[in-house]
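These notes are about the structure you will find just below.
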Amino acid sequence: MRLQQFLARAGVTSRRKAEDLIRAGRVTINQQVATIGAVVQPGDIVRLDGERVRMPQKNVVIALHKPKGYTTTHEDEHAEKIVYELVPKHPGLHTVGRLDKDTEGLLLLTTDGHLTQYLTHPRNQVPKLYRAWCKNGKVSKKACQQLVQGVMLGDGLAQALEAYPVKDGVKLVLTEGRKREVRRMLGKVGYPVERLVRLAVGPIELGELEAGEWRYLTPEEIKLLYSSAELRKPAQTRKPVPTAPLVKSKAHSSPKNSQADVRVQKSAVESSSEHLSTRKRQSTNQRNPNRRPHTRDGRTD
């Protein structure tokens, strides 16, 4: 990974301030003064002012229900609230991708840089499931077909892996993570977004976490994340939007708790709140005494 990223994940400083340290000549890689753009390879020895910098020995992965109004950043002088205020402090903790300030839902944070690269690299096509409420109500089947076939945005063609009409909006699966991509796609087909929630990343679901709550992922769940990109890749020829759902879940009347029916390819995300199991998956939503949600101040009982 890039040197400034390495320093940030090691808990030394923010990525932006790490660049200042590098420019000042205070950082070395294998006894050579580093420059901006330097890359740290496995086995390299990084030092700051002569003191060796190490990555955390024990990695953690946190699932957070990001509330609206929180910015996904370490430092932003214009941000009123940041997501790191909601979770425990760990050296090198960083977010896996981003959710914009107005978007809610599942956000993963980790100290594991390899896992982050694995989940965010475009070639791995890790699916993310979103639920959108739109100003013009339920998204038409025709518009869903457009989303799957692709819509042209300012930064290129954007396509949904799946898109299904639900009450007051749509559920859709993307494997990309461009800035405000879901909002821009839906605006392009005539359905501006009022509210957007991410329900799942790969096999990990938001589940019953309330806004602001978090929990540590289990080792089994982390293994599922690593294997999520090894599932069958989507076909090159996209199928038309089906009319019947594959998995049904309880539908609620209010947008906040809506769990309307959704059908998602087995190669993507199964959105049942009861289980995520296929041959290689297991449930990530079950509550048990050993795995309860937390707030910033501790467990919620």
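Figures for the structure shown
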| quantity | calculated |
| --- | --- |
| Residues with amide H under 5 Å from that of GLU194, placed H, sequence gap 5 or more | TRP133, CYS134, LYS135 |
| Computed label-point distance, nm, for sites THR35 and ARG16 using a 7 Å Cα→Cβ extension | 2.5 |
| In order through segment 88-93: 3J(HN,Hα) via Karplus (6.51 cos²θ - 1.76 cosθ + 1.60), integer Hz, x for Gly, Pro | x, 7, 9, x, x, 5 |
| Per-residue HN-Hα couplings for segment 161-172 [Karplus 6.51, -1.76, 1.60; θ = phi - 60°; Hz; x = Gly/Pro] | 6, 9, 8, 9, x, 9, 4, 6, x, 7, 10, 8 |
| Per-residue HN-Hα couplings for segment 202-212 [Karplus 6.51, -1.76, 1.60; θ = phi - 60°; Hz; x = Gly/Pro] | x, x, 9, 9, 5, x, 9, 5, 7, 4, x |
| Most positive-pole-ward Cα, VAL87, THR110, HIS74, against dipole of segment 50-110 from beta carbon charges | THR110 |
| Gain on full stretching of the segment that runs from LYS223 to MET1 - 0.36 nm per residue minus C-alpha separation | 77.7 nm |
| Gyration tensor verdict on segment 82-148 (Cα atoms; rounded if a/c is under 1.5, prolate if a/b is larger than b/c, oblate otherwise) | oblate |
| Whole-percent carbon and sulfur share, accessible surface of segment 101-233, 1.4 Å | 49 |
| For ILE82, residues with placed amide H under 5 Å, excluding near neighbours | THR71 |
| Long-range HN-HN contacts of GLU162 with modeled amide H, under 5 Å | VAL173 |
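The values are calculated or read from the model by the stated rules, or taken from the named source; none is laboratory data. The shown structure was predicted, so the numbers you read here are calculated from the model rather than taken from an experiment. All Cβ positions, glycine included, derive from the backbone under ideal geometry; neighbour counts span all protein chains shown. Note: areas computed on protein heavy atoms with side chains; ligands, DNA, RNA excluded. Shrake-Rupley method; radii C 1.70, N 1.55, O 1.52, S 1.80 Å.
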